[in-house]
Every structure is written in structure tokens, then in C-alpha cells.
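Notes for the one structure printed next.
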Amino acid sequence: MAAINRRAFALGGSAALALPAFAQAQATDFDVVIVGAGAAGIAAARRLSEAGRRVVIVEASDRIGGRAHTQNFGSGHADLGANVLYGADANPIARLAASQKVEIVRASPATHLRVGKRVAREGEVEIFLSSLARTRRAIQEGGRAGRAVHAASFFPKDVTEWRPSVDFMLGAFERGRDLSEIAAQDIAVSAERGDAAYARGGVGALLAKLAQGLTVRLSSPATRISTWKNTYVETARGGIAARAAIVTASTAVLAAQKIKFEPALPANFGEAFTKLPLGTLERIVVDLPGNPLGLAKDERVFEQATDTKAASMLANVDGGSLAYIDIGGKFAAELAGRGPGALTTFAREWIGETFGNDAIKAIARATSSHWAKEPWILGGASVAIPGAQGLRKVLSEGVRDRIWFAGEATHDTQCGTLAGAWESGERAADAVLRRIGGAARRR
């Protein structure tokens, strides 16, 4: 349990004499209230339900999935958010897919690299992959040595021509922030993001299937959580009394104080919300009927970038005509700030610069995510700023044996991934069960 300072204890003692009206509930409606119906919230709810606990999820938006969102678009479906399941063999979501009759397909290990409008030569690919591997290794070694500096500090001096591409790959593309804004330690302790796979039909759709049978209240943003008496969660559609709460809201939402906590959380939690900010990851989906680019199913394309205006494409998603163009970091944040039109305009220009102007004419339609502006998400995945990596552990601790936090930001080694979010939800559920009683059935 996180420590409570003397001043907070004194305030809590006096304030208990005059509890807010909404905190007067005596009986509990549920054993546990879970805030957020993303991967972490679904995982926690499933684990608690298996243990026979009464559970309700309150979700701010009108859908299930959190930062994973599958929607119908054009001739198929599109994942506008998280769509990759790393470490497929051990990934908890991938392992549950069969129970939902969802096929998991491994991503191709091949790299399609382009230099300008042409395919990169074999020697260029070798230089790029070597630069990428050496930079990652240097960052990991520097971070493990305990140096609280940003990851860009460890760029090998001879990585020059390919530096923008490597920076994009390891920073903006993987984590939503440029390497100059990410703690080297955060990358050093993270599990390798290999053995990637996709869920046919979309990861967002898979999460929705995994939530079937759970009690979920949509369009019910939590605005206040009180632990003065029972745990009480106030939402836009009424309050819920429970024995405990698991909060899976993003660090950006929590830093913005969109959810009020009474009594206030210990100060180190506020520090964690601020110093584990969300990066920016945006996706533009384009429909390219007839495969005008001549790419394979689920083929991943990278480019030799010359500045931060870099992107990557996943072509012919699920064997259909849709393609994802992914951007991240400061450039994505700036572009998203101009609105959805700026994102789709960039995608058209990028396709023209990468594959030729005729490719632009082949685009039938386009749409985009806008995670930075989603009011109850406010960004992509979390990153630790230099010196803050240890704060992930803070978020994994309970508060007053009433509130637990879950989500990718609370996972040390799999932050920023769906697996990390899922495992953190199960971990929080297990902590709650130790407090209120019960044990989940292990599978």
C-alpha cells in the first residue's frame, strides 16, 4: 500500500466528520468497479468474474476497446489504434483468440524498405538493419547502466545517413515519442517487441468479443472516486458503491485530473501521471482497390527518412485493399493538431512521394484516427521521461487497499503494448482478490 503523508492523514481524519453527500452509501452495488473498458479493464473484469465477484465496468466512450478500435471502412475493417500482438506465442490476448474463433496470423519478418520512389538495394537494407540493431543495443546498454538520460544520447556516432529512420523506428513508430524524449532506461527494461502477429477481423473487435458476458456501462465517464467510506465511483450516469476500484484510465487523463480522487492520492501518483506522459501515435487508413502498389498481404513498408516527417505503411491488411499509414512523435502531434484533414492530406502526399503520383489517383477513400484529441484517452502509449522509469512501479501499487491502477503504463517490461495492458489488469484483479477474498481459476 502506498504511504500517506501525515498532512494527508490529518486532513482525512477531520474531513471524515463531514463526508460528501455522494460518499454516504452504506451497501455496495458491486464488489469491484473497473474504470475503462480497454484491454486492462476487460482482463481485470474477466479474472474477477471467474472468481465469482460482482463486477461492473464503466466506460467513458460509447464502445469497448480503449486504444484498440476496429471499425468498418470501405471494403473491409480498419484498426484505428493498437493492432499488433507482440510475443504471439505467450501473448495472453492471442492465446484467447481461438476461444472466440479469431485467427491469429504472424507478421512477415521481411522488411520492405524504400529509398525515395524505389525499393532499397540489398546493401542499403543491410546498413539500415545494422544501424537499427546497433542503436537499440547501445540504448539498452546505456539504460541498464542506470544513466537517467534520454535514449538519443546513445546514438552510435557513425549512424548518420540512416539516423532519422532509426529514430523514427525506435521512437516515434514504436513508442509515439522521439528518442530525445524517452528515458533510455524505459527502453532498456522493455521486452523485445518481436514475434508480432495480427488478429483477423481486428484487435479491437477481438477485445469486444472477449468482453461478452461482462457488465459494461458505456458513455459513463467516471468523474470522481471516493474512498471515505465505501469505494464510491461517481459517473455521468450515476454513482456506484463497491468494495474496491480498478482504474485503467490513461496517464494523460489522470494527469489532466478528469477523475477527482477523495481523499487525494499520494503525491507520487500525481508525479507518475505527469512523468509517464502519452506519446502521439496516429493512423491514416487508405483504400487502394486492385493493389496498385503491387505489395503482398500485410506487408510492412519503411522508408529512408530525411527528417522527422516519417511514416510506415502496412499494406493490404487482412488481404484486402486497405492500408495503414502510421506516424508518431512530435510530427504526429503537430499534424493531429491541425485536424483530421491534415492527416489524410499527409498520407496522400506520402504515398505520392514514396510510390509515385499515379498511386495517389488510386486512393478511393481515406480516414484517420485522432487519439490526441479523444477526450478520455488524449494520446497513444505511455513513455517515461529521463529519470522517471521507476514510477511505473508506483502505479502498480494499491492505494488505501481500495484503489488499484492498471493499464500499459503500469507494466515495467511491456509498457505500450496490449499484452502489458492485459497482464496489468489481471495483476490488479489478483491484488483486489487478495484484499476482498476469492481466487480466480487459472487457465
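The values are calculated or read from the model by the stated rules, or taken from the named source; none is laboratory data. Note that the structure is a prediction, hence the values are computed from the model and not measured. Counting neighbours? That spans all protein chains shown, and the Cβs are built from the backbone with ideal geometry, glycine included.
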Flagged in segment 232-273 as under 20 Å from residue 29 (Cβ atoms) and of a type in the set (Gly, Ala, Ser), in numbering order, are 236, 238, 239, 241, 242, 244, 245
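Condition check ((1) surrounded by 20 or more Cβ atoms within 10 Å (Cβ to Cβ); (2) part of a helix (DSSP H, G or I); (3) modelled with pLDDT under 95) across all residues:
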residue	(1), (2), (3)
332	yes, yes, no
343	yes, yes, no
346	yes, yes, no
352	no, yes, no
360	no, yes, no
389	yes, no, yes
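Among the candidates 424, 382, 368, which residue alone is crowded, with 18+ Cβ neighbours inside 10 Å, touching a Ser or Thr at 6+ places or on another chain (Cβ under 8 Å) and more than 23 Å from residue 90 (Cβ to Cβ)? Step through it out loud before you land on a result.
Numbers: 424 fails: more than 23 Å from residue 90 (Cβ to Cβ); 382 fails: more than 23 Å from residue 90 (Cβ to Cβ).
After ruling out the rest, the residue left standing is 368.
Check every one of the strands (runs of 3 or more DSSP E) wholly within segment 257-314 and list those with 2 or more residues that are buried (at least 22 other Cβ atoms within 10 Å of the Cβ) and under 22 Å from the mean Cα position of the chain (by Cα).
Qualifying strands (runs of 3 or more DSSP E): 281-287.
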Go through segment 89-123 residue by residue and tally those that are over 22 Å from residue 192 (Cα atoms) and surrounded by fewer than 18 Cβ atoms within 10 Å (Cβ to Cβ).
14
Restricting to segment 124-159, name every residue that is surrounded by 18 or more Cβ atoms within 10 Å (Cβ to Cβ) and either among the hydroxyl-bearing types (Ser, Thr, Tyr) or not assigned by TED's automatic domain parsing to the domain that holds residue 171 (or both).
131, 135
Mind checking whether some residue in segment 48-71 is over 19 Å from residue 216 (Cα atoms) and part of a strand (DSSP E or B)?
yes
So which residues in segment 190-231 are touching a strand residue (DSSP E or B) at 6+ places or on another chain (Cβ under 7 Å), farther than 24 Å from residue 394 by Cβ and not in a loop (DSSP other than H, G, I, E, B), if there are any at all?
197, 198, 199, 203, 204, 205, 206, 216, 217
Quick one: in segment 212-244, which of the residues that are in contact with a helix residue (DSSP H, G or I) (Cβ under 9 Å, 6 or more places away or on another chain) and surrounded by 22 or more Cβ atoms within 10 Å (Cβ to Cβ) is farthest from residue 375 (Cα to Cα)?
244
Determine if segment 264-273 includes at least one residue that is in contact with a Lys or Arg (Cβ under 6 Å, 6 or more places away or on another chain) and of a type outside the set (S, T, N, Q).
no
(1) at pLDDT below 95; (2) under 26 Å from residue 129 (Cβ atoms): which one isn't true of residue 339, the others all being true?
(2)
When only residues in segment 55-74 that are out of contact with any Ser or Thr (no Cβ under 8 Å at 6 or more places or on another chain) and surrounded by fewer than 22 Cβ atoms within 10 Å (Cβ to Cβ) count, which is nearest to residue 85 (Cα to Cα)?
71
Selection count, segment 75-88, where residues are assigned to a loop (DSSP other than H, G, I, E, B) and either buried (at least 23 other Cβ atoms within 10 Å of the Cβ) or not hydroxyl-bearing (Ser, Thr, Tyr) (or both):
7
For segment 41-71, name all the residues that are over 16 Å from residue 213 (Cβ atoms) and touching a strand residue (DSSP E or B) at 6+ places or on another chain (Cβ under 8 Å).
58, 60, 68, 69, 70, 71
Does residue 404 count as in a strand (DSSP E or B) and at pLDDT 95 or above?
yes
